[in-house]
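Read through the structure below, which is laid out as structure tokens, and then see the notes.
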Amino acid sequence: MAKQPMLKFISVDRVMPEKRGADKRREDFHEIYAEFADAKAKEQASRCSQCGVPYCQTHCPLHNNIPDWLRLTAEGRLKEAYELSQLTNTFPEICGRICPQDRLCEGNCVIEQSGHGTVTIGAVEKYITDTAWQEGWVETITPARERAESVGIIGAGPGGLAAADVLRRVGIQVTVYDRYDRGGGLLTYGIPGFKLEKDVVMRRVKQLEKGGVTFVLNCDVGKDITFDEIRGKHNAVMIATGVYKSRDLQGPGAGANGIVRAIDYLTASNRVCFGDTVPEFESGELNAAGKRIVVVGGGDTAMDCVRTAIRQGAKSVTCLYRRDRENMPGSQREVQNAEEEGVKFEWLSAPKGFAGDPVTSVKVQKMRLGAPDATGRQSPEPIEGAEHDEPADLVIKALGFEPEDLPTLWNQKELEVTRWGTIKAEFTSGQTAMDGVFAVGDIVRGASLVVWAIRDGRDSAAAVLNHLNAAQAVAAE
Ligand SMILES: Cc1cc2nc3c(=O)[nH]c(=O)nc-3n(C[C@H](O)[C@H](O)[C@H](O)COP(=O)(O)OP(=O)(O)OC[C@H]3O[C@@H](n4cnc5c(N)ncnc54)[C@H](O)[C@@H]3O)c2cc1C
Ligand code: SF4
């Protein structure tokens, strides 16, 4: 009988791919984790306990068939592992890199709950698909037949691209419009290279282009082309525009020079990494080199800003967050990475005001956690008299994002939105209040995750297909 390759979690310890030392990784924007060697990927996959009811799969937004592709990896059947993994995930190598696995698949791994350390699901998923690219197993999209119908997708982020992939595979003519000059959305211009190297994203954009998806870039819908024009050109439209309105800081001096938005700062840095000329970076406005940096916020965006500032050669980097470490929204893994790289965290601290123009310091108000609010989360409240000045040459606001007012910007009163300004769309299908108009990703959910945008894009593409098929059936009657 063949030797049992799985359930090795008792004899094999959990090992992540090697992480580069903090001193080395501070010097560049390359990813910080190496790739698994083949034997290590096999060994780590073999730790899976092959649960009958796999909680990892249930808690993966894409319901990836994790135990099966782990088993195939452990058996050395990598091509089959890849084929299975790409059936449910459009961009497995991207999710493997940047999903907050500790909150999703790995956070629900049963062997972790029995004290053995979770299977390194994300790292194996990345390994499988990176290998598939290397080996030439990732095929060009070639629809069996072309269809006449066309779909216009506004937004080339993960939501829009996942939908484009599904629709193109069945021969629909797909055009993706984006106001940026490159596809990828926040994968390209938000998330820094040390979490997700840009050639990984560009490779996917090229795959779609090669497969016949048309990209219309540098095209801001509402300015360069109207929403009505797009609707007139296509049989269905999908809105996948994400959320980009930054929440603002309050307090005296909050409008001073030297206080900048995280999205501008990260976009400039990503552009510089592409080799683009970025005047705001050259002038120092969005460059941390030699400066004392204060980042305000405790989410993933704040973590990306502090770690970018370190790599740009900041003199010091301090992160202010109004709650404590346990109650921050950002991933604990990223806080640990940031601390290793030299970031100082001031927990239970909020900015009360700013001195100087350009800014020279932040007045920091110390906080404590008070009674829980309606959501059950403890509200931070100021401790009277507990304040100090934190010197700062550049303050980066990373307080979260809200949707832009699309019905007004696009002059579409029929496009219904929620009280948070996100587009009202049916669960799963993404159908909006307008016939033939669908919406996916952050513009529906509010700021969320890449894996959820992919899920929405895939689900909604299936609904768009139903819509097109129904229209075709009516036309044929
Ligand atoms: C700094 C940062 C770090 C993050 N880190 C992580 C992480 O580690 N893991 C994770 O899972 N998630 C992370 N996220 C969240 C994740 O990036 C988003 O949830 C995801 O990208 C949403 O996908 P989307 O397709 O809905 O929108 P987006 O990725 O925002 O793409 C929307 C696209 O629409 C375009 N667009 C907008 N308006 C128009 C218009 N009027 N005309 C034409 N084009 C338009 C934009 O240019 C953009 O390209 C992070 C977010 C940020 C900001
Ligand atoms: S897509 Fe994300 S949540 Fe799902 S298995 Fe991969 S890393 Fe885990």
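Just so you know, all these numbers are worked out from the coordinates, no wet-lab data involved. Computed from a predicted structure; not experimentally measured. Methodologically, a virtual Cβ is constructed for each residue, glycine included, from the backbone with ideal geometry; neighbour enumeration extends over all protein chains shown.
Couple of notes before you dig in:
- For the chain, the dipole from Cβ point charges (+1 on Lys and Arg, -1 on Asp and Glu) about the Cα centre works out to 660 debye, to the nearest 20.
- Beta bridges by DSSP in the chain, antiparallel share as percent, to the nearest 5: 40
- Placed amide H near Ile259: partners under 5 Å, 5+ positions off or other chain: Val359, Val395
- Overall form of the chain: oblate. Here a/c, set by the Cα gyration tensor axes a ≥ b ≥ c, is 1.5 or more, and a/b is not larger than b/c.
- Gyration tensor (alpha-carbon) shape descriptor, region 279-363, a/c threshold 1.5: oblate
- Cross-link check: pairs Lys344/Lys397; Lys19/Lys291; Lys291/Lys397; Lys245/Lys315; Lys223/Lys245 evaluated at a Cα-Cα cut-off of 24 Å; pairs beyond the cut-off: Lys19/Lys291; Lys245/Lys315.
- Karplus (6.51, -1.76, 1.60) ³J(HN,Hα), θ = phi - 60°, over region 412-420, in Hz, Gly and Pro reported as x: 10, 5, 6, 6, 6, 10, 7, 5, 8
- Per residue, the chain reaches -10500 deg cm²/dmol at 222 nm when only DSSP H runs of four or more residues are counted, each adding -39500 (n - 2.57).
- About the centre of its Cα atoms, region 381-475 shows a dipole size close to 800 debye [charges on the beta carbon of Lys, Arg (+1) and Asp, Glu (-1) only; nearest 20 debye].
- By average C-beta atoms within 10 angstrom, highest first, the peptides 244-254, 32-42: 32-42, 244-254
- Computed extension gain for Gln113 through Thr140, at 0.36 nm per residue and net of the alpha carbon distance, reaches 5.7 nm.
- Here's the picture: charge each Lys and Arg Cβ at +1 and each Asp and Glu Cβ at -1 in region 22-135, and of Val53, Pro92, Leu78 the one pushed furthest to the positive end of that dipole is Val53.
- Ordering of 399-407, 179-187 by burial proxy (mean other Cβ atoms within 10 Å per residue, highest first): 179-187, 399-407
- Euclidean distance of C-alpha centroids, region 298-346 and region 370-449, integer Å: 22
- Average Cα contact separation per residue, the chain, under 8 Å, 6 or more apart, as relative contact order %: 15
- For region 231-383, the square roots a ≥ b ≥ c of the C-alpha gyration tensor eigenvalues yield an a/c of 1.5 or more together with a/b not exceeding b/c, which makes the shape oblate.
- Fewest-first sequence of Glu477, Glu334, Glu80 by Cβ atoms within 10 Å of each Cβ: Glu477, Glu80, Glu334
- Kyte-Doolittle mean at least -0.5, axial Cα span of 27 Å or more - DSSP H helices of the chain: 450-476
- Among 221-233, 455-467, the order from most to least packed when residues are scored by Cβ within 10 Å on average: 455-467, 221-233
- Counting neighbouring Cβ atoms within 10 Å and putting the fewest first, the residues Trp452, Trp420 line up as Trp420, Trp452.
- Think of the chain as having a plus end and a minus end, set by charges on the Cβ of Lys, Arg, Asp and Glu; of Leu320, Ala476, Ala163, Leu320 sits farthest toward the positive end of this dipole.
- Net charge dipole size for region 22-135 [Lys, Arg +1 and Asp, Glu -1 on Cβ; Debye, nearest 20]: 220
- By the count of other C-beta atoms within 10 Å, a proxy for reagent exposure, Ile263, Ile154 are ordered fewest to most as Ile263, Ile154.
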